[in-house]
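Data first, discussion second: the structure below is written as structure tokens.
The values are calculated or read from the model by the stated rules, or taken from the named source; none is laboratory data. These figures come from a predicted structure and were not determined experimentally. Backbone-built Cβ (ideal geometry, glycine too); neighbour counts: all protein chains shown. These area figures cover heavy atoms from the full protein model, side chains too; ligands, DNA and RNA do not enter into them. Shrake-Rupley method; radii C 1.70, N 1.55, O 1.52, S 1.80 Å.
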Amino acid sequence: MYSSFGDFSSYLRMGQGLGFFFLILSCVCLGGPCFCSAHTDSIKPGEGLQFSKLLVSSQGTFTLGFFILDTRSYLGIWYTSDVNNKKVWVANRDNPISGTNANLMLDGNGTLMIIHSGGDPIVLNSNQASRNSIATLLDSGNFVVSALNSDGSVKQTLWESFDDPTDTLLPGMKLGINLKTGQNWSLASWINEQVPDPGTFTLEWNGTQLVMKRRGDIYWSSGIPKDRSFEFIQTHHNIYYFISVCNDNEIYFSYSVQDGAISKWVLNSRGGFFDTHGTLFVKEDMCDRYDKYPGCAVQEPPTCRTRDFQFMKQSVLNSGYPSLMNIDTSLGLSDCQAICRNNCSCTACNTVFTNGTGCQFWRDKLPRAQVGDANQEELYVLSSSKDTGNLWRNLSIICGVVGLVIILIFSCSPRKFGGRVRREVQSHEAGASGIAGDREGKKVKLPEVRATGSTGDRKEKKVKFLEPPASGITGDRGGKKVKPLEVGASGTTGDREGKKGQPRDGEVSGGKTADTKKKKVTFLLRTDE
């Protein structure tokens with residue numbers, strides 16, 4: 001049982017000896033664990049790191065501490081110099097904790113774990129502990145638990161955060177597989193910037209090249225390493241040194257940079273892959289447009305789509321309930337767009353919850369909202385470049401007419417105003433009794449510019465389900481079987497434990513949210529009887 005920090009004042013009053021006060025300089029020991037209060041890079045057995053405290057590597061390069069996203073708490077690592085504190089590693093990305101009553105502990109047996117009030121401890125180094133050990137944040141960004149010799153020197157590394165990467169590859173980290181232990185080193189994107197849970201995209205090393213997958217299907221490949229870059233990556237920043245290993249023990253890829261250089265390769269939630277130093281490897285959504293960019297896997301569009309279909313974020317008039325809603329919180333925006341793009345009935349989509357998870361879909365063509373319209377809603381509308389081109393062409397015509405009118409006004413006005421000025425000057429020279437000319441202005445009728453079009457009938461229409469795919473979760477309404485869209489062959493809409501998002505106001509009827517233990521894929525349907 002660990003002592004509470006509140007006992008600290010009672011220990012002082014009891015006068016436990018002057019030696020105790022010297023420990024306050026680095027850690028506060030309370031008969032059980034010691035809580036580090038000054039910046040240090042290590043935790044020893046029996047010590048702990050409080051929620052509000054930080055570990056800082058010896059040279060100050062990296063920082064480890066707790067942080068909060070969307071009311072949920074995590075333990076992470078970031079570059080100390082990064083003003084945005086963008087996390088390069090998250091310990092409990094798929095097991096967040098509630099509140100701030102949490103500590104990182106290294107117990108007497110050498111077990112590294114997150115102690116919190118909301119449940120069982122989250123153990124980070126299962127079966128990799130030693131009583132004589134220490135947990136240290138290195139200047140490489142690696143957080144390690146090491147067994148120590150009797151003289152305090154490091155005997156061996158028992159556990160390291162580099163073995164469990166999240167969405168970021170740091171210099172010295174590996175992508176590949178340990179053939180002896182089966183340990184797999186790969187990146188997995190966040191669901192979005194507010195949810196670090198494993199998302200849509202992964203990045204792996206297959207022995208010869210980097211491979212990005214979307215829900216298990218190959219999305220992009222780098223090509224073989226070439227001239228300190230890759231076959232399908234065009235970069236002007238040849239600052240990298242690549243390492244490729246293939247032997248009986250492991251197959252992996254790694255990279256390094258010059259000493260002092262800051263580098264991190266990030267895989268984001270939209271399939272973008274880049275180095276924050278400035279090198280762009282893969283653009284977001286690059287392989288979604290059916291164009292044959294170098295490295296993109298060949299994707300044939302459905303028969304109802306052409307290669308120029310793409311999503312545009314647009315303000316539309318609120319159409320009431322969507323045609324289909326999927327509240328699986330493991331789905332992000334990229335998943336929603338992939339589902340919509342591959343179903344011929346889908347015209348628009350968006351996420352469900354305020355944290356950017358879940359999917360909702362529309363099947364009707366939605367009227368664009370005009371400035372001042374009430375009940376506007378931003379959706380991702382799927383349309384071809386022809387439709388987009390027509391929109392811009394219409395706007396260009398309107399702007400052209402308005403521009404012509406302005407030119408006509410200014411081409412006529414100088415003569416009138418100029419004549420008026422000359423006459424007033426003559427009048428001033430002639431004296432107060434001079435003739436200033438006729439000042440009765442004549443009305444000039446300007447040509448009217450009208451934007452034709454209609455916002456469409458705003459009455460509610462009957463809403464039907466999207467055409468069901470081959471498989472999915474069936475529902476029963478009024479005796480009819482209905483099926484929602486599915487993620488696809490490699491997708492998932494299965495149960496997910498421990499994840500909860502907050503629904504948008506008015507979008508989930510009855511205030512229903514996903515159950516914290518077992519979530520079901522469900523839908524909402526609204527029709528006019």
- line: HN-Hα couplings for the stretch 324-330 via Karplus (6.51, -1.76, 1.60; θ = phi - 60°), in whole Hz with x for Gly/Pro, come out as 8, 9, 10, 9, 5, 7, 8
statement: Taking a crude spin-label model, label points 7 Å out from Cα along the C-beta direction, the Arg305 to Glu231 distance in nm is 2.7
field: Amide H partners (placed H, <5 Å) of Thr40, local residues excluded
entry: Val56
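Could you order Glu378, Glu160, Glu300 so the one with the most accessible surface comes first? Probe is 1.4 Å.
Working: Glu378 95, Glu160 55, Glu300 125 Å².
Putting Glu378, Glu160, Glu300 in descending order of accessible area: Glu300, Glu378, Glu160.
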field: Dipole magnitude (debye, nearest 20) for the stretch 151-202, charges at Cβ of Lys, Arg, Asp, Glu
entry: 280
Average accessible surface area per residue within the stretch 108-168, 1.4 Å rolling probe, Å²: 45
- request: Could you check the simple spin-label distance between Thr276 and Lys86, using points 7 Å along Cα→Cβ, in nm with one decimal?
  value: 0.6
task: Determine how large the accessible area of Ser126 is when every protein chain is in place; take a 1.4 Å probe and give Å² rounded to the nearest 10.
output: 70
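Using a 1.4 angstrom probe with every protein chain in place, what is the largest-first accessible-area order of Leu331, Leu138? Intermediate results must be reported in sequence, preceding the final value.
Details: Leu331 0, Leu138 70 Å².
Highest to lowest solvent-accessible surface, that is Leu138, Leu331.
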query: Gap in Å between the Cα centre of the stretch 260-301 and the Cα centre of the stretch 215-259?
result: 14
- prompt: For Lys180, Lys226, Lys365, Lys174, what's the largest-to-smallest order of accessible area, 1.4 Å probe?
  reply: Lys365, Lys180, Lys226, Lys174
query: What are the residues whose amide H is under 5 Å from the amide H of Phe62, where those residues sit 5 or more places off or on another chain and H is modelled from the backbone?
result: Ser57, Thr80
query: Pairs Lys226/Lys283; Lys283/Lys365; Lys174/Lys292: which exceed 22 Å Cα-Cα?
result: Lys283/Lys365; Lys174/Lys292
query: Roughly how many nanometres apart are two label points built 7 Å out from the Cα toward the Cβ at Leu179 and Cys344?
result: 4.9
- line: Once Val123 and Asp217 are pulled to full extension, the length gained, defined as 0.36 nm per residue separation minus their Cα-Cα distance, is 30.7 nm
query: What FRET efficiency comes out for the pair Ile406/Ile224, r = Cβ-Cβ distance, R0 = 60 Å, nearest 0.05?
result: 0.55
- prompt: Counting only protein heavy atoms, what percent of the accessible surface of the stretch 212-369 is carbon or sulfur at a 1.4 Å probe?
  reply: 49
message: So if I place +1 on the C-beta of Lys and Arg and -1 on the C-beta of Asp and Glu, and nothing else carries charge, what would the dipole magnitude of the stretch 33-166 be about its Cα centre? I want it in debye, nearest 20.
response: 160
